[in-house]
1. Would you check which residues across the range 38-61 are in contact with a Ser or Thr (Cβ under 8 Å, 6 or more places away or on another chain) and either crowded, with 18+ Cβ neighbours inside 10 Å or not small (Gly, Ala, Ser) (or both) and list them?
2. Residues being without any contact (Cβ under 8 Å) to a residue 40 or more places away in the chain and within 20 Å of Glu32 (Cα to Cα): count how many of those fall in the range 64-86.
3. Could you list, in sequence order, the residues of the range 178-205 that are surrounded by fewer than 23 Cβ atoms within 10 Å (Cβ to Cβ), in contact with a Lys or Arg (Cβ under 8 Å, 6 or more places away or on another chain) and within 17 Å of Ser84 (Cα to Cα)?
4. Out of the residues in the range 311-332 that are surrounded by 20 or more Cβ atoms within 10 Å (Cβ to Cβ) and among the β-branched types (Val, Ile, Thr), state the one that is nearest to Leu230 (Cα to Cα).
5. Which residue pairs have Cβ atoms closer than 8 Å, lie 6 or more positions apart in sequence or on different chains, and pair a first residue in the range 249-274 that is β-branched (Val, Ile, Thr) with a second residue that is surrounded by fewer than 16 Cβ atoms within 10 Å (Cβ to Cβ)?
6. In the range 218-263, what residues are surrounded by fewer than 15 Cβ atoms within 10 Å (Cβ to Cβ), in a helix (DSSP H, G or I) and over 21 Å from the mean Cα position of the chain (by Cα)?
7. If Ala128 meets every condition in (1) closer than 24 Å to Ala79 by Cα; (2) at pLDDT 95 or above apart from one, which number is that one?
8. Go over the candidates Thr302, Thr340 one by one and state the one that is among the polar types (S, T, N, Q), within 25 Å of Thr203 (Cβ to Cβ) and more than 20 Å from the chain's Cα centre (by Cα).
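The values are calculated or read from the model by the stated rules, or taken from the named source; none is laboratory data. Since the model is a prediction, treat every value here as computed from it, not as a measurement. Positions of Cβ are backbone-derived with ideal geometry, glycine not excepted, and every protein chain shown enters the neighbour counts.
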Amino acid sequence: MDLGLYTFGDLVADPRTKKAVTGQERMRQLLEIARLADDAGLDILGVGEHHGLRYVNSATATMIAAMAAITRRLRLTSASTSISTADPVRTFQEFATADLVSGGRVELIFGRGAFTDNFPLFGYDLEAYDALFVEKVALFAELNAAERVTWTGRFRPPLHDAEIAPRPAQARLPVWIGAGSPGSVTRAAALGYPLAVPLLGGTLGRYAETAALYRRAWEASGRAKGDVQLAAFSHLHVTETSRETREDFYPYYSAYLSPLFKGPVPQPVYAQMLSPEGVLVGGSVQEVIDKLLALHEAMGITRYLGQIDIGGQPFADVVKGIELFATKVAPVVRKETAKTA
């Protein structure tokens, strides 16, 4: 199972000091996370896309290109790209350029997004939410497959034998679909895309059903069972002791989720998230190992990425968490999941 991290580059103030780092300092932190993940032997790093003042990153391909220049082996992916409100041609050019910088280590995840602030920002109608996604994913597939493309659609000007350049270092840029709703999951399987599932609350059992639905749709489309690629994304916090996560991490996690809860996260909700059936992968090294193995058993995932740098934590704590994840958690999880591969 591939193991890695992802970041949205949030600019949340530290709830203890009430201070937030500058955008420039946050960017420096993101590059340092990439370097640390690469040096520590993690497999992949994802960079999310947001367009509000609470986040530092809205130009994912630019960030990935910067990370590619200072890493050697780490794969880099968007997490995810809001293709609905982007131009697929420009998106392809940007990620192909980043792939050339990386020497062939770049991927994309296309998602419709839990946030919709990008629609008015770029002048798109929310009523076309799904149609935009379908058309633009399909166009990107054509751009990815050929150096010259002729195409006509609804939401952008047509292409007439257009030269699509530059070409990436890889033969094609790997593309995943980020989804969780039944319709989106079955569509991803029918189209033959690997699936990335964000764990956004609830229980592991709920996501086991999502994974089972995807596998059924995959096989119903005539594809080989063994070709399934399935990733899970969740919030992550690794500490030496469970108490550190239960108590010390709570103010930071609550600060990060406060817009969703319109205030502090209720303590019983936090406890449920950390429980064996919850989707927050957090606690001591052994608790995180147990949760990831349970997630692997429930969903059959081939990849896991954790968002570890959230809520305005001191960066030294983030670095310590990355070290524990890479040196104490990852070797055990890889060994145990290899037995059932």
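1. Selection gives Asp38, Ile44, Leu45, Gly46, Val47, Gly48, Glu49, His50, His51, Asn57, Thr60, Ala61.
2. Adding up the residues that qualify gives 10.
3. Within the range 178-205, just Ser184 meets the criteria.
4. Here the answer is Val329.
5. Going by the 8 Å Cβ cut-off, the qualifying pairs are Val265/Ser258; Val269/Phe261.
6. Once the filter is applied, which keeps residues that are surrounded by fewer than 15 Cβ atoms within 10 Å (Cβ to Cβ), in a helix (DSSP H, G or I) and over 21 Å from the mean Cα position of the chain (by Cα), the range 218-263 yields Glu219, Ala220, Lys225, Gly226, Arg243, Glu247, Phe261.
7. (2)
8. Thr340
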